[in-house]
Amino acid sequence: MLNKGCSNIPRELGDWITILGKSLPLRAVGTCLELLVGAMLTRSGFVTQSWVMLSTQKHWTSYYKCLRQGKWSWLSLARAFVRVVIQQVGGEIIYLAIDDTLAAQLRKSARKPDSSSAWQQT
């Protein structure tokens, strides 16, 4: 078995990947988890750097299509992530901060500017 250099990977990481993987459709599991691991290995976490970081077998368009046109729910993935966090933290208090930066770009209009417009005016 080729596990040289891999003996220090925590068991919890495998459990977390399993939980996250179960929230995705079977066809998207490998692609999404490759991008997730690649993002953890980069300093920025950008998708392109994640793809470059790993020696992937698929073409870039496979990852793009999975993220952009895939039939998976980001809410399901977010719920799985919250389960992982709760499992890890246990009964301690968890503080959650939600930023609407990405959602603000979707609802931007001339009549109802987003929060970034308020920063530009000051």
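We did not get these values from a lab; they are worked out from the coordinates using the rules stated. All of these numbers come straight from a predicted model, not from anything done at the bench. FYI the Cβ positions are ideal-geometry reconstructions off the backbone, even for glycines, and counts take in every protein chain you see.
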### Message
Could you derive backbone 3J(HN,Hα) for the stretch 27-35 from the dihedral phi with the Karplus parameters 6.51, -1.76 and 1.60 (θ = phi - 60°), listing whole Hz in sequence and x where the residue is Gly or Pro?
### Response
5, 9, 4, x, 5, 5, 5, 4, 5
### Task
Measure off 7 Å from each Cα along the Cα-to-Cβ vector at Arg11 and Tyr64, then give the distance between these two points in nanometres to one decimal.
4.3 nm
### Message
Can you compute 3J(HN,Hα) from phi for each residue in the stretch 61-75, using the Karplus curve 6.51 cos²θ - 1.76 cosθ + 1.60 with θ = phi - 60°, rounded to whole Hz and x for Gly and Pro?
### Response
5, 5, 6, 4, 5, 5, 6, 8, 10, x, 9, 10, 9, 5, 5
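Taking 8 Å as the Cα distance limit and 6 or more residues as the minimum spacing, I'd like the relative contact order of the stretch 11-91 as a percentage.
After rounding, I find 36 percent.
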### Task
For Tyr95 and Ser76, calculate 0.36 nm times their separation in residues minus their Cα-Cα distance, and state this gained length in nm to one decimal.
4.8 nm
